[in-house]
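The values are calculated or read from the model by the stated rules, or taken from the named source; none is laboratory data. Every value quoted in this text rests on a predicted model; they were computed, and no experiment measured them. Ideal geometry is used to build each Cβ from the backbone, glycine not excepted, and the neighbour counts take in all protein chains shown. The area values use the complete protein model at the heavy-atom level, side chains included, leaving out ligands, DNA and RNA. Shrake-Rupley method; radii C 1.70, N 1.55, O 1.52, S 1.80 Å.
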Amino acid sequence: MRRIRAVVSLSVAVACAALATGITSCGAPISMQQAAASRFLAKYARPDGRVVRLDQGRDTVSEGQAYGMLLAEVAGDSDAFQRIWLWTHHHLQHRDGLFSFRTNAAGKVIGPHPASDADLLIAWALLRYGGPHAAVWHRAGRRVAHAILAYDVASGPGDMLVLTAGPWADGSPAGSTVNPSYWSLPAMESLAALTGNDAWHRLAANAVALAGQLSKNGRLLPPDWAMLDSAGAVRPEPAPDGSEPHVQYGPDAARTVIWFAASCDPRARALAGQWWPLLRPRARSRALALGLNGEVMTGTPTPLSLVASAAAAKSADDGGAAAHLLRKAIAEQRAYPTYYGGAWAALGLALLTDGGALSGCHNAAAAINSP
């Protein structure tokens, strides 16, 4: 009964959120996802396909291009998808298939090093695309997927494969820099099914195991950054560029909770549920940054923090709390709109709502086995 109540409560969250998003009827959940995705695209995607972080110096990052492609699919906007992909291909893609991380406001590349989360989500968006010219984009997606396995992945003891933060992050033999929020399990699980390459399943399974190790099986929150040593052990670390001098659960790590809650792997969802007691208190559930023990470090409320807490609540079968937190996330984004908040309010609906446009466990179930 509790599981049934959780499902019903989360569906109600999407219907009720219509009042906060300008839709006056409680229609099918997919229409809510489309509305949130379309709002993000209308505000942040330029006509030429560049996604601009208006509140962050009007720059562009490969992550934003990936979000734009996925949300164009959610919105059912094939034209926007193609514009965003073609801009990404022409301005950011390297000869090896990966992508520069950042451009300035003029669109000039100022961060040439790839970020593996964007690489992964771009491959996923291309390979799952079902609109016009799909075969062309699928070929492009297979190229990106191959490049990720060639340059973004480190190997460890036994059969361990780990998605590092990018080609720059493999510091063997000293260790590899990893960002657990880059481990998008839905993307890995989908790529395992779409490419038939078992390496994607191994990456997903090892990500779950390492996240469990980092968080002491859910007794701590996942960190923004970590270091993987040559023995396959992983430990939390401050940000490698010095932007975060202390270990924290912050704007990166919150995504880990969402990706794990949206996974097809019951072990990942169980781990996400273990994080709920740490995130349940109101001050923590919305805070920008927490210590790994849940201590509030920066209490500023953000839509992403609220969506992540909703994801943990859903995984713990607390559907009422998940519904409330999703509504709060949408309201927070409406009150204080940001690029990051808009992206994750929309992605959260598409990933966490039952029948969501980016939830595809029926396609990836065959890929979920023991490592």
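A search for C-beta distances below 9 Å between a residue of the stretch 150-166 that is on the phi > 0 side of the Ramachandran plot and any residue that is among the β-branched types (Val, Ile, Thr), counting only pairs 6+ apart in sequence or on different chains, returns Gly166/Thr177. The set of residues in the stretch 312-340 being over 27 Å from Gln65 (Cα atoms) and assigned to a helix (DSSP H, G or I) consists of Ala313, Lys314, Ser315, Gly319, Gly320, Ala321, Ala322, Ala323, His324.
Of His113, His138, which residue is of a type outside the set (D, E, K, R), open to solvent by 30 Å² or more (accessible area, probe 1.4 Å) and not in a helix (DSSP H, G or I)? Break it down stepwise before answering.
Working: His138 fails: not in a helix (DSSP H, G or I).
His113 is the lone residue from the list that is of a type outside the set (D, E, K, R), open to solvent by 30 Å² or more (accessible area, probe 1.4 Å) and not in a helix (DSSP H, G or I).
crowded, with 23+ Cβ neighbours inside 10 Å, under 20 Å from Tyr67 (Cβ atoms) and without any contact (Cβ under 8 Å) to a residue 60 or more places away in the chain, is that true of Pro180?
Here the answer is no, as Pro180 does not meet what is asked.
Every residue, every condition in (1) out of contact with any Gly (no Cβ under 7 Å at 6 or more places or on another chain); (2) at pLDDT below 95, yes or no:
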site: Gly294; (1), (2): yes, no
site: Thr302; (1), (2): no, no
site: Ala322; (1), (2): yes, no
site: Ala357; (1), (2): yes, yes
site: Cys361; (1), (2): yes, yes
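Taken together, Ser263, Ser243, Ser230 contain a single residue that is without any contact (Cβ under 8 Å) to a residue 12 or more places away in the chain and assigned to a loop (DSSP other than H, G, I, E, B), which is Ser243. Within the stretch 290-303, the presence of at least one residue that is open to solvent by less than 10 Å² (accessible area, probe 1.4 Å), more than 21 Å from Asp354 (Cβ to Cβ), touching a helix residue (DSSP H, G or I) at 6+ places or on another chain (Cβ under 8 Å) and not in a strand (DSSP E or B) is confirmed.
One residue stands out among those in the stretch 191-240 that are over 17 Å from Ala312 (Cβ atoms) and among the acidic types (Asp, Glu): the one that is farthest from the chain's Cα centre (by Cα), which is Asp229.
Residues checked against (1) modelled with pLDDT of 95 or more; (2) touching a Cys at 6+ places or on another chain (Cβ under 9 Å); (3) not hydroxyl-bearing (Ser, Thr, Tyr):
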site: Ser155; (1), (2), (3): no, no, no
site: Pro173; (1), (2), (3): no, no, yes
site: Asn179; (1), (2), (3): yes, no, yes
site: Trp183; (1), (2), (3): yes, no, yes
site: Ala187; (1), (2), (3): yes, no, yes
site: Arg202; (1), (2), (3): yes, no, yes
site: Ala207; (1), (2), (3): yes, no, yes
site: Leu210; (1), (2), (3): yes, no, yes
